[in-house]
Amino acid sequence: MKILSITAGAANMYCGTCFTDNALAAALKAQGHDVILLPLYTPTLTDEANVSHPRIFFGGISVYLEQRFPLFRKTPRFLDRLWDAPAMIKTFSGRGISVSPRLLGDLTVSMLQGEHGSLGKELAKLLEWLRAEPAPDVVSLPYTLLIALARPLREALGRPVCCTLQGEDLFLENLVEPYRSRALGLIRTQVGEVDAFLAVSEYYARHMSSYLGIPESRMRVVPLGINLEGHHPRPRPAGRPFRIGYFARIAPEKGLHLLAEAYRLLRRRESVPPSTLEVAGYLAPEYRGYLAEVEQRMREWGLAGEFHYHGTLDRDRKIAFLQSLDVLSVPCTCDEPKGISVLEAMANGVPVVQPRRGSFIEMVAKAGGGLLVEPDDASSLADGIQTLWQDTALAERLGRAGHDGVRRHYGISRMAADTLEVYRGLLERVPA
């Protein structure tokens with residue numbers, strides 16, 4: 001099968017969507033399918049072998065210039081090629097471009113307006129290139145923020161268009177008005193242009209059906225998958241402190257402050273042994289102050305020496321970090337649709353303690369590798385973590401269950417098979 005999979009770079013940020021898109025494309029390629037993983041905005045950044053196409057469309061520099069200065073919407077192509085070059089985009093994005101939705105409302109709306117927005121020239125470039133390439137069997141969009149591409153792509157290529165649902169509601173809800181309402185309205189009016197929506201969890205399928213008005217007949221569930229290579233349990237050295245881990249973006253909605261508060265409560269309990277709070281994940285410039293606040297609180301509580309931030313980790317360091325933990329918790333304060341790091345922790349035999357919300361409910365139920373606690377409740381979170389310290393047999397049992405359960409339900413090969421099943425179902429209804 002020939003698949004055109006569009007993805008979206010996030011400048012110099014490790015992005016869960018980029019990880020998933022790249023891993024899925026690599027898995028499909030390994031099965032013999034012809035996949036073009038075509039990046040938009042910037043080159044994609046992953047911690048695995050990058051299989052994306054070298055050409056970038058809707059280049060970040062062009063998009064910025066055309067959005068801000070109408071003159072650049074009419075510049076000749078030979079000039080555009082200067083700032084559309086991947087090396088130029090990579091250099092520019094390396095200076096720290098914000099991907100905060102609070103700053104991208106006008107650009108989001110322009111993308112959703114398609115050929116009628118300020119970025120119509122970029123869409124024309126993409127369609128011109130695709131018409132000169134062999135036509136794919138199916139087209140995949142990474143999220144509904146690019147839904148305006150669906151109709152032009154289907155009309156130009158004559159093939160079905162799918163759209164993955166993997167967390168865009170969190171972005172949309174953080175847009176400032178009037179951009180939030182306009183963006184939602186534009187997406188909802190274009191739902192009919194997509195042949196099938198692929199939600200990464202049962203929870204997210206239900207939520208997005210209601211949120212965007214997606215008919216049940218067009219909704220499919222393709223559970224998230226991770227590349228399991230290198231993930232395996234490692235024995236914990238005896239006699240060292242109990243290591244409580246957090247691995248996710250450093251941002252308020254991921255709940256690091258809540259985990260820090262739970263850690264404070266734990267350390268006040270007489271039965272808790274020497275412990276450390278180990279933290280890793282991408283830190284955007286706009287959230288440096290947030291991390292500083294968490295660190296300041298740890299100092300005020302007399303726990304600064306037990307808090308360690310390890311920064312952004314590549315794949316090998318990430319796996320080693322996870323394997324060093326006794327428990328992982330990412331206590332999101334929103335209904336998380338994905339939870340990649342939770343799957344990765346369980347894949348390494350590390351039990352998790354997660355809030356009873358979003359995709360965590362079905363993830364823990366399916367894989368069986370952790371405990372669920374009350375959302376937004378530091379005391380309940382502390383209780384869950386303490387349970388795993390006190391009951392080592394339970395912790396070991398959950399670790400083994402999570403390791404096996406992720407391999408049964410959440411491997412990237414399983415995600416690839418489920419995705420192909422959706423594609424084949426669509427192609428049976430479309431003439432060759």
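The values are calculated or read from the model by the stated rules, or taken from the named source; none is laboratory data. Keep in mind that this is a model prediction, so the values were computed, not measured. Because the Cβ atoms are built from the backbone with ideal geometry, glycine has one as well, and the counts that use them run over all protein chains shown.
Give, as residue ranges, the helices (runs of 4 or more DSSP H) completely inside the stretch 12-92 that count at least 1 residues that are under 21 Å from the mean Cα position of the chain (by Cα).
So the answer is 16-30, 60-68.
Can you find even one residue in the stretch 336-345 that is among the acidic types (D, E), closer than 26 Å to E293 by Cβ and touching a strand residue (DSSP E or B) at 6+ places or on another chain (Cβ under 9 Å)?
yes
Mind counting the residues in the stretch 343-400 that are part of a helix (DSSP H, G or I) and either surrounded by fewer than 20 Cβ atoms within 10 Å (Cβ to Cβ) or more than 20 Å from the chain's Cα centre (by Cα) (or both)?
Number satisfying all stated conditions: 26.
Name the pairs whose Cβ atoms lie under 8 Å apart, with the first residue in the stretch 111-135 and farther than 17 Å from L146 by Cα and assigned by TED's automatic domain parsing to the domain that holds R55, the second assigned to a loop (DSSP other than H, G, I, E, B) and among the basic types (K, R), and 6 or more positions between them or separate chains?
W129/R55; A135/R159
Taking the residues in the stretch 278-294 that are assigned to a helix (DSSP H, G or I) and touching a helix residue (DSSP H, G or I) at 6+ places or on another chain (Cβ under 8 Å) as candidates, determine which candidate is surrounded by the most Cβ atoms within 10 Å (Cβ to Cβ).
Across the stretch 278-294, the extreme among qualifying residues is V294.
Picking from R315, R297, which residue would you name as being surrounded by fewer than 20 Cβ atoms within 10 Å (Cβ to Cβ), touching a residue at least 40 places away in the same chain (Cβ under 8 Å) and under 16 Å from I226 (Cβ atoms)?
The conditions single out R315.
Go through the stretch 39-68 and give me each residue that's among the aliphatic types (A, V, I, L, M) and within 28 Å of D316 (Cβ to Cβ).
Hits for the stretch 39-68 are L45, A49, V51, I56.
Taking the condition of being surrounded by fewer than 21 Cβ atoms within 10 Å (Cβ to Cβ) and at pLDDT below 95, how many residues in the stretch 20-30 meet it?
Residues in the stretch 20-30 being surrounded by fewer than 21 Cβ atoms within 10 Å (Cβ to Cβ) and at pLDDT below 95: 0 in total.
Return the only residue of D47, D34 being charged (D, E, K, R) and surrounded by fewer than 15 Cβ atoms within 10 Å (Cβ to Cβ).
Exactly one residue qualifies, and that residue is D34.
Restricting attention to the stretch 143-159, which residues are surrounded by fewer than 23 Cβ atoms within 10 Å (Cβ to Cβ) and of a type outside the set (A, V, I, L, M, F, W, C)?
Once the filter is applied, which keeps residues that are surrounded by fewer than 23 Cβ atoms within 10 Å (Cβ to Cβ) and of a type outside the set (A, V, I, L, M, F, W, C), the stretch 143-159 yields Y143, R151, P152, R154, E155, G158, R159.
When you check P70 against the structure, is it closer than 20 Å to Y143 by Cα and of a type outside the set (A, V, I, L, M, F, W, C), yes or no?
Taking the combined requirement at face value, the residue does not satisfy it.
Name the pairs: first residue in the stretch 387-402 and charged (D, E, K, R), second residue outside any helix (DSSP H, G or I), Cβ to Cβ under 7 Å, at least 6 apart or on different chains?
From residues that are charged (D, E, K, R), the pairs are R400/G349.
Could we say that N22 is of a type in the set (S, T, N, Q) and in contact (Cβ under 8 Å) with a residue 40 or more places away in the chain here?
no
State all residues of the stretch 252-277 that are modelled with pLDDT of 95 or more and assigned to a loop (DSSP other than H, G, I, E, B); if no residue qualifies, say none.
Of everything in the stretch 252-277, just one residue is modelled with pLDDT of 95 or more and assigned to a loop (DSSP other than H, G, I, E, B), namely G255.
Of all residues in the stretch 240-284, which are over 24 Å from D47 (Cα atoms) and of a type in the set (S, T, Y)?
Y263, S271, S275, T276
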